[in-house]
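Note sheet for the following structure.
The values are calculated or read from the model by the stated rules, or taken from the named source; none is laboratory data. Keep in mind the model is a prediction, meaning the values are calculated, not measured. Heads up, the Cβs are rebuilt from the backbone with ideal geometry, glycines too, and the neighbour counts pull from every protein chain shown. Note: accessible area is taken over every heavy atom of the protein model, side chains too, but ligands, DNA and RNA are not part of it. Shrake-Rupley method; radii C 1.70, N 1.55, O 1.52, S 1.80 Å.
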Amino acid sequence: MAACSPHVLYCARTRGRFLRWNLEYLWRNRNFGWTPALRQQAADVVKESTEAIVIPKKKTWSGVAVLEALASTVSRDPTAYPYQFQDDPFLSPRTSSEFKLFSLSQESGRAAARYFVNSNPKFFTKDFAEPHIPCLMPETLGLCTEEMSEKALKEIISLRRVTAAVDMYDQLLQAGTAVSMETTHDLLDLICLEGDRDPVQEGEPQNAEEAGEEARKRRVKGRRAADLVKVSWKENNNAERIFNLVPERDTRCYSALIRGMVKHGASAKAFSTYTDMLNNRLTADVHIFNALISAAPDLRDKYNERWDLVVELLNQMTQQKVRPNLLTFNSVLKALRKCGYLAKTHALHALNEMKMLGIAPSLASYDSILAVFYKLAASGPSNTDILQEVMTEVEGTSFTCQDPNDVMFFASAMRICLDSKDLELGYKVQSLVEVGENWRLLGDPFQQSIYYGRFFNLLCMMEHVDIVLKWYRRLIPSLFYPNSQGMRDLLQCLDADGRLDLLPTIWKDIKSLGHDGRPELMEELLSLMSRDTHSPEVQESFAKCASGIMSVFEEKPGLEWNTSSLSHVTTLLLRADKTQPAWEMLQLFKAKNRVPSEELMNNFLSACQRSGSSQRAVELVQLSAAFCLPATSSLATRTSNEFELTEEQRAVLSELEAAAEPCD
């Protein structure tokens, strides 16, 4: 074994050198094709491998992330009803009146349920929702702190109980307990916001006075009916009393009082309070100036005086080094709408000032600009110049609501497009609505129906009928319900492009949308169908449509036949060779004290000739004699010449022809 050891070591060293030589050879061949850049990259990899590995933090997803991802893959179904009604298909509204009724009923039920849940939280203690949905759980209506203290006052203020908060504040002062300035600020904000009265909770029953107010609101027509009944600012109310009790009044106290006065219609008193604040050597904040600028037009009668007051407030902002915000410029533009001929001069200047300060205009800013220039512009192509510039500037922009008046822009813009009949500009406005979630800024359902009604009216006037029908199926009923005027616009569009064969289909939609009780709409539909003669297939569909209209008149007693409607239906039935229903319509003339025209009687006689009904022809002459029509004699002569009659029938015609002269 000892003799073998040197040999084994020699073999091992030899094989080791051979293996090392082969590895170096392979490595040289592998590196032969490398570029300096690759070698540097390899060196960087080796260097990074020696550094510490940093594990990224765990990504936290929201509880509804999967639902949001799924929702992003689904587009809107144009054939479906609005989303709010999809939970109960049986109650899906088919007409605009049903939409209003179901919406109000749904909102009323939701408010009543919320009131019951909040009033009885002890019955709703279990929460099965995952993730947690706070709005489905009862609100904490009880006070956690029962003793009289500033902490309890803060809780009452957070619950927006104005009367209880004022009472506790007075009790604390009477007990000699000092209330902090922060709590006093919150109390003043609450009182001034609510107009010194408790707000009506959702679903809470109102007293007799408030119920009468709500009834008056419902009787007032118009989109802004709720704004006509406002809480007025009363003299020496709790806000003013508590304001006077504060030993050291600061800008925040004045801000709450001034904004409350402006909100509730006491503009003159707001300016007086602002003057008192300046006399106390206090500087205003931006919210005070915003409120005063919006109230400035109410204090002056002349246009130049109104604008001078606005300029004076802006100069005072500069002197007090108060930086304006978006609402400041929107208040200026809104005030300019009440400054007449001065508005056009200063509106664009105010818009440029916004951009110089780095403040992006909102849709309310552009709405005021449109109102100023469209109101002052004469009729003609120049009406849309400003809107063209606005749409170029905001094209492709996704907006969020920053001003309550942002929801007014789209309806105003579409009104300008409709008045100027600018279809291309109307498409630009609609494309902006479809960017991001801009559709949320269309406003409430009433404003949304106004916007889409104007857009559809513009399409019917200016677009080809195929495009109109495409938009018609896309918008109705998922986005809005057209009124009777909108359906008349569609009928006129079909007439202009010669697509009257689609009228029976539109009649079905008219019935489903609840407009079959509109006599003027049915009159126009019948007039279009009976004006010209079409192919037998089309005439057959028109006759079925006319029969459907007859059924509507029979089912709705409030509808009254007139001569033209009776004539149109009879003509349509005759063209489809439906003589018996047409004869029943002639009998209806007599029942409704209506007189058929000579042309209709001749057409009916021609239909009798085609069917070879000589007896019906004689009866037609007898009916004409009963109406004392001048055409009775000619009808009798024509019947005698064109029909094969019996002697008895000829005798009857002879008597009618002889009697026609005196009746004439």
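Going by the structure shown, is residue 597 closer than 18 Å to residue 659 by Cβ and out of contact with any Phe, Trp or Tyr (no Cβ under 7 Å at 6 or more places or on another chain)? Reasoning before the result, please.
Details: closer than 18 Å to residue 659 by Cβ: no; out of contact with any Phe, Trp or Tyr (no Cβ under 7 Å at 6 or more places or on another chain): yes.
Here the answer is no, as residue 597 does not meet what is asked.
Within segment 515-535, can one find any residue that is of a type in the set (Lys, Arg) and touching a Pro at 6+ places or on another chain (Cβ under 7 Å)?
Within segment 515-535, none of the residues are of a type in the set (Lys, Arg) and touching a Pro at 6+ places or on another chain (Cβ under 7 Å).
Does segment 307-320 contain at least one residue that is more than 20 Å from residue 409 (Cβ to Cβ), among the acidic types (Asp, Glu) and at pLDDT 90 or above?
yes
I'm checking my understanding of the structure. Among residues of segment 592-612 that are modelled with pLDDT of 85 or more and farther than 19 Å from residue 568 by Cα, which one is most open to solvent (accessible area, probe 1.4 Å)?
Per the criteria, the residue is 610.
Show the residue pairs meeting these rules: Cβ distance below 7 Å; 6+ apart or different chains; first residue within segment 253-281 and in contact (Cβ under 8 Å) with a residue 12 or more places away in the chain and under 17 Å from residue 299 (Cβ atoms); second residue charged (D, E, K, R) and surrounded by fewer than 23 Cβ atoms within 10 Å (Cβ to Cβ).
261/269; 264/230; 265/230; 267/298
Between 234, 154, 230, which is among the basic types (Lys, Arg), open to solvent by 60 Å² or more (accessible area, probe 1.4 Å) and at pLDDT below 85?
230
I want to confirm something. Restricting to segment 335-350 and keeping residues that are over 15 Å from residue 300 (Cβ atoms) and buried (at least 20 other Cβ atoms within 10 Å of the Cβ), which single residue is nearest to the chain's Cα centre (by Cα)?
347
Of these, 431, 412, 420, which one is closer than 16 Å to residue 373 by Cβ and out of contact with any Ser or Thr (no Cβ under 9 Å at 6 or more places or on another chain)?
Within the list 431, 412, 420, the selection yields 412.
When segment 397-410 is examined, which residues are found to be open to solvent by 10 Å² or more (accessible area, probe 1.4 Å) and touching a helix residue (DSSP H, G or I) at 6+ places or on another chain (Cβ under 8 Å)? Working first, answer last.
Residues of segment 397-410 that are open to solvent by 10 Å² or more (accessible area, probe 1.4 Å), as a first pass: 397-405, 407-408.
Selection gives 397, 398, 399, 401, 402, 403, 404, 405, 407, 408.
Quick check: is even one residue across segment 619-631 closer than 20 Å to residue 607 by Cα, open to solvent by 70 Å² or more (accessible area, probe 1.4 Å) and either β-branched (Val, Ile, Thr) or at pLDDT 85 or above (or both)?
yes
Give the residues of segment 84-96 that are open to solvent by 40 Å² or more (accessible area, probe 1.4 Å) and over 18 Å from residue 447 (Cβ atoms), sorted by residue number.
86, 87, 88, 89, 90, 91, 94
For residues that are modelled with pLDDT under 75 and touching a helix residue (DSSP H, G or I) at 6+ places or on another chain (Cβ under 7 Å), tally how many sit in segment 69-89.
Number satisfying all stated conditions: 1.
Within segment 97-124, how many residues are basic (Lys, Arg) and open to solvent by less than 50 Å² (accessible area, probe 1.4 Å)?
1
Out of the residues in segment 633-648 that are at pLDDT below 85 and open to solvent by less than 30 Å² (accessible area, probe 1.4 Å), which is nearest to residue 602 (Cα to Cα)?
643
Out of the helices (runs of 4 or more DSSP H) lying entirely within segment 422-532, which hold 3 or more residues that are within 26 Å of residue 367 (Cβ to Cβ) and open to solvent by 40 Å² or more (accessible area, probe 1.4 Å)?
Once the helices (runs of 4 or more DSSP H) in segment 422-532 are filtered for at least 3 residues that are within 26 Å of residue 367 (Cβ to Cβ) and open to solvent by 40 Å² or more (accessible area, probe 1.4 Å), what remains is 423-433, 445-462.
When residue 66 is evaluated against the numbered criteria (1) at pLDDT 85 or above; (2) open to solvent by less than 90 Å² (accessible area, probe 1.4 Å), which criterion, by number, is the only one it fails?
(2)
I'm trying to understand the selection: among the residues of segment 74-129, which are over 22 Å from residue 477 (Cβ atoms), among the hydrophobic types (A, V, I, L, M, F, W, C) and assigned to a helix (DSSP H, G or I)?
111, 112, 113, 116, 117, 123
Could you tell me which residue of segment 136-151 is farthest from residue 177 (Cα to Cα), considering only residues that are at pLDDT below 80 and open to solvent by less than 90 Å² (accessible area, probe 1.4 Å)?
137
Residue check: is residue 330 closer than 20 Å to residue 409 by Cβ and buried (at least 20 other Cβ atoms within 10 Å of the Cβ)?
Judged against the criteria, residue 330 is a match.
Output the qualifying pairs, or none if there are none: Cβ atoms under 7 angstrom, residues six or more apart or on different chains, first residue in segment 397-425 and more than 24 Å from residue 294 (Cβ to Cβ), second residue assigned to a helix (DSSP H, G or I) and among the hydroxyl-bearing types (Ser, Thr, Tyr).
Here the result reads 414/451; 416/374; 416/384; 420/384; 422/384; 425/384, each pair linking segment 397-425 to a residue that is assigned to a helix (DSSP H, G or I) and among the hydroxyl-bearing types (Ser, Thr, Tyr).
Pairs, please: C-beta under 9 Å, at least 6 apart or cross-chain, first residue in contact (Cβ under 8 Å) with a residue 40 or more places away in the chain and surrounded by 16 or more Cβ atoms within 10 Å (Cβ to Cβ) and in segment 315-326, second small (Gly, Ala, Ser) and in a helix (DSSP H, G or I)?
326/364; 326/365
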